[in-house]
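To start, the structure under review is shown below, and the notes come after it.
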Amino acid sequence: MKHTGFAWLARSGYGARGIVFLLVAGLATFSSFGGRQADTKSALDVLLGQWLGTIWLTLIALGLLGFVAWRLAQSLANADGHDASFKSYLVRAALFGSAGTYLGLAAYAFQSVVGMGSSHGGGEDSLAAWAMSQPFGRYLAGAIGVGFLIGGVATAAKGISRRFERYLDLGENRPLILICVYGLISRGVVFAIVGIFFCYAAVTVDASRAGSMSDALNWIRQLPFGRVLYLLVAIGLAAFGIYNLVEARYRRVKSPSVADLRVGWHELRR
């Protein structure tokens, strides 16, 4: 099947996100032995330190910009063809928020390439601090936490229900389907825990209580049978990375038109 230029842009975005989460999974696996924090920005820092790291990180950053463009097409131009239900508007709003998240990660990658990257790991802590500094900051942080929590539940449900298959030309490749299900559930669990941390930070009016992906993994490790659960979730994040690579190969991508953008924008403003 012949792909358009925009389709290749979207696929490069899924590929870049997949590589980032494979790196996160690697960091999570080895963090038990004194490694670095297991989050997306730390993964980019590790990549920068490798052979030809500047080139690799530049390619990842460009790929993430492609992913941002695709998320905007999904949210503003309704590239996936969602109906006009309230649930669909929530999904598109979440996709728009995802565009902002990965735009920030792409910016961090570019800053790291030119030597301007910050030394901290995940961005959730700084996001909480920013939210708390705004008027009605605790409510804003709480709303962000609820968004993370809903997003986590929705991501896990997407895996359990196998709704992701409707957008993939995957056929009956059962091993890949099971990997995708495992990855989505694991990513959803981590997302939901980060949301709970944000809500706790809002209740205590303390931005330091908001946790990153790495903090969520460390919390899992403190549970009964925590080391086993931690390893299962770390492997699950690798499965989520593979899921993104599957989407890079098999995802159906519709290139948006100017008319689609107009219609989608008017729908979201209703």
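The values are calculated or read from the model by the stated rules, or taken from the named source; none is laboratory data. On a predicted model such as this, the values are computed, not experimentally measured, just so you know. Ideal geometry is used to build each Cβ from the backbone, glycine not excepted, and the neighbour counts take in all protein chains shown.
Here is how the numbers come out for the structure above:
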| item | result |
| --- | --- |
| Where a residue in region 78-94 is within 14 Å of Val253 (Cα to Cα) and its partner, wherever it lies, is aromatic (Phe, Trp, Tyr), with Cβ under 7 Å and at least six apart | Asp80/Tyr167 |
| Number of the exception - Arg221 against (1) surrounded by fewer than 22 Cβ atoms within 10 Å (Cβ to Cβ); (2) under 15 Å from the mean Cα position of the chain (by Cα) | (2) |
| Residue match in region 135-147 (condition: of a type in the set (Val, Ile, Thr), in contact (Cβ under 8 Å) with a residue 60 or more places away in the chain and touching a helix residue (DSSP H, G or I) at 6+ places or on another chain (Cβ under 8 Å)) | no |
| Every residue from region 163-173 that is surrounded by 13 or more Cβ atoms within 10 Å (Cβ to Cβ) and modelled with pLDDT of 90 or more | Phe164, Glu165, Tyr167, Leu168 |
| Count - residues of region 224-245 that are surrounded by fewer than 19 Cβ atoms within 10 Å (Cβ to Cβ), farther than 18 Å from Gly159 by Cβ and not basic (Lys, Arg) | 5 |
| Selection from region 205-229 of residues that are at pLDDT 85 or above, of a type outside the set (Phe, Trp, Tyr) and assigned to a loop (DSSP other than H, G, I, E, B) | Gln222, Leu223, Pro224 |
| Residue among Ala38, Ala61 that alone is free of Cβ contacts under 8 Å to residues at least 60 places away in the same chain, small (Gly, Ala, Ser) and either over 19 Å from Phe240 (Cβ atoms) or assigned to a loop (DSSP other than H, G, I, E, B) (or both) | Ala61 |
| Any hit, region 152-161, residues being closer than 19 Å to Val20 by Cα and free of Cβ contacts under 8 Å to residues at least 60 places away in the same chain | yes |
